Amino acid sequence: MRTRVQRLNEAIKHLIAIGLIDGKSTTKSIATTMNRNSTNISSAIRGDERYLSRKFIRDFCATYKNIISEDW
């Protein structure tokens, strides 16, 4: 079973591949789109449970709706 951080990183790779996230500045690109702090996004990507919460996942999926689903 994949962990939450593994699924998040797979989703990010997919979003980079389709051009919705800048692969050269991934954290900044996501932070700008989600209107969040880059440090918090970086912590979530690394798997820090304080930042990679259910709320973060819901917000991430809502930001990239019709592409990334909460059911992923």
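The values are calculated or read from the model by the stated rules, or taken from the named source; none is laboratory data. Only a predicted model underlies this, so the values are computations on that prediction, with no experimental measurement involved. Quick reminder, even Gly has a Cβ in these numbers, built from the backbone with ideal geometry, and neighbours come from all protein chains shown. Note: areas computed on protein heavy atoms with side chains; ligands, DNA, RNA excluded. Shrake-Rupley method; radii C 1.70, N 1.55, O 1.52, S 1.80 Å.
Suppose we filter the range 14-25 for residues that are assigned to a helix (DSSP H, G or I) and open to solvent by 50 Å² or more (accessible area, probe 1.4 Å); how many remain?
Total meeting the criteria: 3.
How many of the residues in the range 32-49 are touching a helix residue (DSSP H, G or I) at 6+ places or on another chain (Cβ under 6 Å) and closer than 15 Å to Asn9 by Cα?
Residues that pass the stated criteria total 4.
May I ask you to verify whether Ser53 is at pLDDT below 95 and touching a Cys at 6+ places or on another chain (Cβ under 8 Å)? Give the steps one after another, and end with the answer.
Working: at pLDDT below 95: yes; touching a Cys at 6+ places or on another chain (Cβ under 8 Å): no.
Here the answer is no, as Ser53 does not meet what is asked.
Does the range 1-13 contain any residue that is surrounded by 15 or more Cβ atoms within 10 Å (Cβ to Cβ) and part of a loop (DSSP other than H, G, I, E, B)?
Checked against the condition, which is being surrounded by 15 or more Cβ atoms within 10 Å (Cβ to Cβ) and part of a loop (DSSP other than H, G, I, E, B), the range 1-13 yields no hits at all.
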